[in-house]
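First the structure, in the form of structure tokens, and then the observations on it.
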Amino acid sequence: MITASPIATVPGALPLLGHLVPLARDPLAFLRSLPAQGDLVRVCVGPFQAVMVCDPALTRQVLLDDRTFDRGGVFYERLREVGGDSLGSCPHSLHRRQRRLLQPAFHPTRLARYAQTMTDQIVAMTDAWRDDQVLDVLAEMLALTGRVTTMTLFSDALPAPVLRQAIDDIKAIAQGTFQRMLMPPPLDRLPIPSNRRFHEASASLHRTVRSLMAERRASGTDHGDLLSALLTARDPDPAETRPTLSDDEIADHLVAFFFAGAETTADAVAWALHLLAQHPDIEDRLHAEVDAVLQGAPAAHEHLPRLKLTSRCITETLRLWPPGWLLTRTVTVDTHLGGHLLPAGTTLLYSAYLIQHRPDLYPDPERFDPDRWDSDQRPAPPRDAFIVFGGGPRKCIGDQFGMIESTLALATIASRWKLRPVPGPPVRPDTHNIVLQPRGLRMRAVSRTTQQPS
Ligand code: HEM
């Protein structure tokens, strides 16, 4: 019989508020402080309690057993308001069938084809920049990844104003979802501006994907992409008698993919550009690599194996600034984890940010050091220490897609442009958001070629 020890509550909880004050003031510092308190610690957010997993092996155990530790808890409950029971937010009972249906859209042969679209779009973006232009870097990257997502997964280029609106909607949803995570449910329906913005953005994004669905149906062609897979879904299991996906379900999937595909990768490239500008020695080495590998051509799929430092810069960026920084699970049956009893219904929190900033796993964890990932120079970080894409059966379906897109984008940008910081307030992570974005990242584009790229 296992004897279960109690889970300690993190010190400093205030009556009624719990840990809301440190969480609101500096949530990342709060997360970094937690491993010193134990492998599992209790965190209180107002009246809610949750258990934070601070140990990498226990986090892995949670990720591997998605039946016991199911998608749920406050993050996914709020995400379901936008994406319903789509792949990312559905419970275990619905997951395998959906994943089987959607996985072919991420097959390596497909990814190689998508890479051509990525290259074309990255070239179009970098060609449009002018020497000395000040860029809103995150907006540029979101426009890029939004275009790439629609053109690859939905084989469709949205008209520019529609894409702009969709990106604004995603931003409002990301912020609104975070606010709603901290908001007691009865406040949901209050007609306050933040609730209104959230609902309007969700409705607007759903309208956009519905128009994509209607156009595809009207055209009657099967493009062999994710959208066609959803519209023509037939369960491969002959014993499965449930109907194929309803229009509402398809719309939820498209919204979720649009969101997951655009936000995360855009953040990764934007942060990487910021970090490189702060580390000119690494930037110089990156320039040497892309100049040698690309020889003036835009980065394409066949270059990827030789873009080693570029890819390590992305990995290290994702270690420092993981887009999905705080995620939740719900415990479905009474269970034990790390010698502690977790009753059914417990909300678990897990955080790539917390794990990837543990000094015992990453010496000098705040330092941007892409050479950590160079196995010729250093021993690889432990297996459980890098969880930026989650893990287990619900690991990110777009991990390779995201890595390819961000590596190609960084390589082409670095081969053509130097992005320099502009004076202003320091760039900070936006911690009032479900994705960890660089807030206020404006940079000046300086051409690396004597002539403007054609
Ligand atoms: C750098 C880029 C990306 C990062 C850091 C990232 C991160 C993640 C993480 C952490 C999860 C697991 C969440 C959890 O455990 O609760 C996840 C799941 C998921 N991601 Fe990504 N993602 C990225 C790119 C993408 C792209 C490009 C797409 C689609 C085109 C995508 C679609 C999804 C989907 C659909 C899921 C749910 C998978 C499932 O439950 O089976 N992601 N992602």
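The values are calculated or read from the model by the stated rules, or taken from the named source; none is laboratory data. In this text the structure is predicted, and so the values were computed from the model without any measurement. Methodologically, a virtual Cβ is constructed for each residue, glycine included, from the backbone with ideal geometry; neighbour enumeration extends over all protein chains shown. Accessible surface is based on the protein model in full, side chains and every heavy atom, while ligands, DNA and RNA are left aside. Shrake-Rupley method; radii C 1.70, N 1.55, O 1.52, S 1.80 Å.
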- Message: Using the Cα centre of the range 20-447 as origin and beta-carbon charges of +1 (Lys, Arg) and -1 (Asp, Glu), tell me which of Val427, Thr328, Asn195 is placed farthest towards the positive end of the dipole.
- Response: Asn195
- Message: Quick check: residue separation of Asp222 and Ser5 times 0.36 nm, minus the Cα distance between them. What number comes out in nm?
- Response: 72.5 nm
- Task: Starting from the Cα of Lys418, draw a straight line to each of the lysines and keep only those under 24 Å, dropping any in the same chain fewer than 8 residues away.
- Result: Lys308
- Query: Along its principal axes, what span do the Cα atoms of the chain show, with the longest given first and each in whole Å?
  - Reply: 70, 55, 45
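Determine the per residue accessible area of the chain with all protein chains present and a 1.4 angstrom probe, expressed in square angstrom. Please report the intermediate quantities before stating the final value.
Values: 19770 Å² over 454 residues.
Ligands and nucleic acids excluded, the result is 44 Å² per residue.
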- Task: Could you list the trypsin sites (Lys or Arg not before Pro) in the range 148-257 that lie in coil according to DSSP, counting only those with at most 14 other Cβ atoms within 10 Å of their Cβ?
- Result: Arg234
- For Asp430, enumerate residues with amide H under 5 Å from its amide H, sequence gap 5+ or separate chain, H modeled in the peptide plane. Gln437, Arg439
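Heavy atoms only, probe 1.4 Å: what % of the accessible area of the chain goes to carbon and sulfur, would you let me know?
Values: 11070 of 19770 Å².
Within the chain, the accessible surface is 56 percent carbon and sulfur.
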- In whole Hz, the Karplus estimates of ³J(HN,Hα) for the range 370-384 (6.51, -1.76, 1.60; θ = phi - 60°; x where Gly or Pro) are x, 6, 4, 9, 8, 5, 6, 9, 9, x, 5, x, x, 4, 7
- Note on the structure: Around Ala115 (Cβ within 11 Å, Cβ-to-Cβ, excluding Ala115; K/R +1, D/E -1) the net charge comes to -1
